[in-house]
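**Q** What follows is a single structure, and I will ask about it in a moment.
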Amino acid sequence: MAESRSPAAKAVAPAQLTALLASAPHRPLFLAGTVAVLLSMTWWAVELTWMRFGLAGWPQPSIPPGWAHAMLIQYGLFPLFMFGFLMTTFPRWLGRPDLPKTRYLPVAGCVFGGYVLANVGLLDLPWLLKLGIAVMLVGYLVGVWTLGGVLRASVAERKGHARSCLMALSLGCLGLAVFLAYLFGAPADCALLAIRLGTYGLLLPIYFSVMHRMLPFFTGNLVKGYEVVRPDWSMPVVWVLLLAHLLLEWRVALGWLWLVDVPLALVFAWHSLTWRPWQAMRPGILAVLHLAFAWLPVAFVLYAVQDVVYATSGHLILGRAPLHALAIGFFGSMLVAMVTRVTMGHSGRPLQMGAVAWLCFGLLQLVALLRIRAELGGDVYLWLVIAAYGWLLAFLPWVLRSAWIYLTPRADGKPG
């Protein structure tokens, strides 16, 4: 369906862009995130192309490329969107006034600015990589301090989701600090810890906490007779199991991972089924949230299968397939689903997916399957190259459309 454009939705003059971008937390941070969606994977796609086919003169990073890929995706790409969302919703969750621009613009500037510097630093400029990570850490610290202030000032009765997100962001600060120490000469174990903290201490806890609060709420608002289920026990249980997974994987105690991954698979599957996705396939903007969440139990079933086989035979039969079912399938799909919803709602547009978002979401499912297939044998690096360029193909139209929305006034003429 063609989107109607009111006069307010027309592009603004360049002189007005600064004020427009500063008018709400999601605008600068989501816009930065859309740049990161393409920038991170462009570097990785070219790097994989160099590994598979060779590219004369392509500069190599001063650290293992896989570590660079993991760090900048986990601490740069996804958190730009997360900060944009949380700096908008934290005050609303906790009954506090909206944050002033002096609180969220430094976060956007430091996290995105540091991220860009770090990416340029991967072109054999190690001093710039260090500077970029340090600037990102400053942005995280400002963000945690700001959100912590909102939490401390709140008299709301239910603060569990906010506390969980703030704890995850604090672990993100720790991860960046530990990785920075590695860049200045600390042992490689520090880098490995930072990468694990990014996955199981930062991203997954925030994603789960937000879905635990918002997915039943969104569904209850749109599905008649829907019973909202939001159990108090599950977030503490998930936190304990994720931290245990983090430590076991970091210390390479892989034979014991099944003790935490089997329960995690069961907990995530229980939530997915209890939230009854079959009742939420209309409208599409709701359906994609449930479809994206379904990747979470799938990923941990894959983890559990691999763990059990490893504990009995010593073989990692699935390689990084579970990790990428989580990273592309769950994190990536939920990014498209949730950011599309927030973008449409906060730009005064109807809460609809639209053709561009559906195309992105559909292609991303294929990319996740291609990346999982890469772990199953054959010409592995060829499959990796195909998946990387597939990500760029899937996201490009969505990024362009989203960026245009962030750079134009609300369609309904309202501020924000």
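**Q** Run the simple label-point estimate for residue 254 and residue 274 please: 7 Å along Cα→C-beta, distance reported in nm.
**A** Placing both labels 7 Å along Cα→Cβ, they lie 3.3 nm apart.
**Q** Treat each spin label as a single point 7 Å out from the Cα along the C-beta direction, and report the residue 186 to residue 51 distance in nm.
**A** Taking the simple label geometry, residue 186 and residue 51 are separated by 2.5 nm.
**Q** Here's something else I'd like to know. Quick one: what Rg and Dmax do you get for region 231-292 from the alpha carbons, in Å?
**A** 14.9, 45
**Q** Keeping every protein chain in place, order 227, 157, 375 by accessible area at 1.4 Å, biggest value first, i.e. largest first. All intermediate terms of the calculation are to be shown ahead of the outcome.
**A** Details: 227 120, 157 180, 375 45 Å².
Output order, biggest surface exposure first: 157, 227, 375.
**Q** Taking every eigenvalue of the Cα gyration tensor of region 130-240, multiplying by 5 and rooting it, what semi-axes result, largest first, whole Å? Mind showing how you got there, number by number?
**A** On the way: eigenvalues 210, 52, 25 Å².
After scaling each eigenvalue by five and taking roots: 32, 16, 11 Å.
**Q** To continue, here is another question. So, in nm, how far is label residue 226 from label residue 127 when the simple model puts each one 7 Å beyond its Cα toward the Cβ?
**A** With each label placed 7 Å out from Cα toward Cβ, I get 5.5 nm.
**Q** Counting other Cβ atoms within 10 Å, keep those with at most 16, restrict to DSSP loop, and tell me which chymotrypsin sites (Phe, Trp or Tyr not before Pro) in region 156-189 are left. Show your work: numbers first, answer last.
**A** Values: sites: 179, 182, 184; in loops: 184.
Hits after loop and neighbour filter: 184.
**Q** Taking the radius of gyration and the Kirkwood hydrodynamic radius from Cα positions alone, what is the Rg/Rh ratio for region 256-305, to two decimal places? Numbers along the way, then the final one.
**A** Working: Rg = 12.2 Å, Rh = 11.3 Å.
Reported Rg/Rh, Kirkwood definition of Rh: 1.08.
**Q** Still on this structure, please answer the following. Rg (Å, one decimal) plus Dmax (Å, integer) for the alpha carbons of the chain?
**A** Just the Cα atoms of the chain yield Rg and Dmax of 20.7, 65 Å.
**Q** Rg to Rh ratio, region 302-344, alpha-carbon atoms and Kirkwood radius?
**A** Working: Rg = 15.0 Å, Rh = 11.8 Å.
Ratio of gyration radius to Kirkwood radius for region 302-344: 1.27.
**Q** Suppose R0 equals 30 Å; then what is the FRET efficiency for residue 309 and residue 233 from their Cβ-Cβ distance, rounded to the nearest 0.05? List each step's numbers first, then the result.
**A** On the way: r = 30 Å, r/R0 = 0.99.
Here the calculated transfer efficiency is 0.50.
**Q** How large a share of the accessible area of region 16-94, in percent, is made up of carbon and sulfur atoms when the probe is 1.4 Å and the other protein chains stay in place?
**A** On the way: 1670 of 2400 Å².
That share works out to 69 percent.
**Q** When every alpha-carbon pair in region 174-318 is counted, what percent end up more than 17 Å apart?
**A** Details: 6780 of 10440 pairs.
Roughly 65 percent, rounded to a whole number.
**Q** Here is a follow-up. Of 282, 27, which has the most accessible area with a 1.4 Å probe, and how do the rest follow in descending order?
**A** Numbers: 282 190, 27 5 Å².
So, going from the largest accessible area down, we get 282, 27.
**Q** Report the full-extension gain for the segment residue 243 to residue 22: residue separation times 0.36 nm, less the Cα-Cα distance, to one decimal in nm. Working shown, then result.
**A** On the way: separation 221, 0.36 × 221 = 79.56 nm, distance 3.63 nm.
Contour length minus the Cα-Cα distance gives 75.9 nm.
**Q** Continuing with the same structure: What ratio of Cα Rg to 2.2 N^0.38 Å holds for region 91-190? Walk me through the intermediate numbers first.
**A** Details: Rg = 15.8 Å, N = 100, 2.2 N^0.38 = 12.7 Å.
This ratio for region 91-190 stands at 1.25.
The values are calculated or read from the model by the stated rules, or taken from the named source; none is laboratory data. Just so you know, these numbers come straight off a predicted model, no measurement behind them. No Cβ is skipped: glycine too gets one built from the backbone with ideal geometry, and neighbour counts run over all protein chains shown. Remember, those area values only see protein heavy atoms, side chains included, never the ligands or the DNA or RNA. Shrake-Rupley method; radii C 1.70, N 1.55, O 1.52, S 1.80 Å.
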